[in-house]
Amino acid sequence: MTKIGLIAGNGALPLHFLKKAREKGFAVYTLAIKNEAHRKVARLSESVFPLPVGRLDEGIKFFTENNVKEAVMLGQVRHFKLLEPKYLDPQMAQLLEQIPDRRTNTVLSAIINHFQKKGVSFLSSGFLLEELFLPSGTTAGPVLSQQEKADVELGRKVAETLAELDVGLTVAVKNGIVLALEGISGTDATIRRAGRFTKGLVVVKVSRPRQDLRFDLPVIGPRTLKVMARISGRVLSIASGTFVLEKEEVFRLSRRYGITLTIF
């Protein structure tokens with residue numbers, strides 16, 4: 001049985017990977033980030049090690065002792081904990097001192113590069129999960145009005161600028177007014193925050209420019225549609241490089257709630 005490693009953050013994406021990997025005959029050795037990874041990852045893994053955020057050496061030791069040479073990183077990790085020295089082992093503290101900032105791309109690139117120096121290379125986050133992507137031009141739900149089309153374009157321009165700065169990927173717009181920008185709190189929190197202002201939101205989620213496919217690809221799923229429905233959102237427009245979890249359920253919820261889903 002072929003071995004593969006997984007660094008599992010929060011959300012359902014690591015669980016999808018684990019199920020698919022088992023179907024394909026992989027034995028998965030999982031670093032489950034403490035207070036992030038779903039408890040079910042233990043049941044689906046060949047072996048699991050609960051890894052506190054900031055404990056870099058313990059993760060490398062787990063992979064090395066189990067002769068894991070390739071790994072995948074999936075799921076969000078709220079890396080604001082890296083602001084607290086008490087969470088960091090000496091290796092992580094040294095690594096953070098050597099990088100210019102602690103934005104997502106910068107931190108994750110440094111972590112992956114450190115693992116690779118220790119003999120563990122990282123595969124694309126889409127490994128075994130290609131079926132979760134939807135092609136550009138896919139549309140579900142009611143036809144967009146001219147104003148909604150204009151809001152999608154505005155949201156895309158703003159979100160791409162936000163992504164270029166590696167701040168966030170999601171923007172909420174209504175009638176040409178930008179209502180909320182994503183930061184470390186994530187997509188759902190951005191949608192909820194924008195929903196305090198008005199109904200009928202247009203939410204746009206992009207990919208990062210020069211996206212490193214080894215980590216942090218954008219994700220939506222049924223929960224995203226349910227959050228949109230609770231604040232009477234109207235449009236969810238996403239980049240084609242976005243993981244779409246439970247696609248059939250996403251389409252069903254789109255029809256049920258009258259939310260238009262578009263892929264660009």
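The values are calculated or read from the model by the stated rules, or taken from the named source; none is laboratory data. Computed from a predicted model, the values in this text were never measured in an experiment. Here the Cβ is made from the backbone with ideal geometry for all residues, glycine too, and neighbour counts use every protein chain on show.
Of all the criteria given as (1) under 24 Å from residue 113 (Cα atoms); (2) among the hydrophobic types (A, V, I, L, M, F, W, C); (3) without any contact (Cβ under 8 Å) to a residue 24 or more places away in the chain, the one not satisfied by residue 42 is (1).
Just one of (1) touching a Pro at 6+ places or on another chain (Cβ under 9 Å); (2) surrounded by fewer than 24 Cβ atoms within 10 Å (Cβ to Cβ) fails for residue 232. It is (1).
Residues that are farther than 23 Å from residue 249 by Cα number at least 2 in the following strands (runs of 3 or more DSSP E) confined to region 121-232: 170-174, 177-181. Given the conditions (1) within 20 Å of residue 143 (Cα to Cα); (2) in contact (Cβ under 8 Å) with a residue 12 or more places away in the chain; (3) touching a Pro at 6+ places or on another chain (Cβ under 9 Å), report the number of the one that residue 202 does not fulfil. For residue 202, the failing item is (3). The one condition from (1) within 30 Å of residue 176 (Cα to Cα); (2) surrounded by fewer than 15 Cβ atoms within 10 Å (Cβ to Cβ); (3) not charged (D, E, K, R) that residue 134 does not meet is (2).
Conditions tested, residue by residue: (1) closer than 23 Å to residue 186 by Cβ; (2) in a loop (DSSP other than H, G, I, E, B); (3) modelled with pLDDT under 95.
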| site | (1), (2), (3) |
| --- | --- |
| 15 | yes, no, no |
| 32 | yes, no, no |
| 39 | yes, yes, yes |
| 43 | no, no, no |
| 48 | no, no, no |
| 53 | yes, yes, yes |
| 57 | no, no, yes |
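Considered as a group, the residues in region 21-53 that are under 20 Å from the mean Cα position of the chain (by Cα) and basic (Lys, Arg) include one that is nearest to residue 77 (Cα to Cα), and that residue is 34.
Let's see how each residue does on (1) of a type in the set (Lys, Arg); (2) in contact with a His (Cβ under 6 Å, 6 or more places away or on another chain); (3) under 30 Å from residue 210 (Cβ atoms):
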site: 26; (1), (2), (3): no, no, yes
site: 43; (1), (2), (3): yes, no, no
site: 53; (1), (2), (3): no, no, yes
site: 68; (1), (2), (3): no, no, yes
site: 78; (1), (2), (3): yes, no, yes
site: 93; (1), (2), (3): no, no, yes
site: 110; (1), (2), (3): no, no, yes
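Checking each residue in region 74-105 for being crowded, with 18+ Cβ neighbours inside 10 Å, among the aliphatic types (A, V, I, L, M), in contact with a helix residue (DSSP H, G or I) (Cβ under 8 Å, 6 or more places away or on another chain) and assigned to a loop (DSSP other than H, G, I, E, B) picks out only 88.
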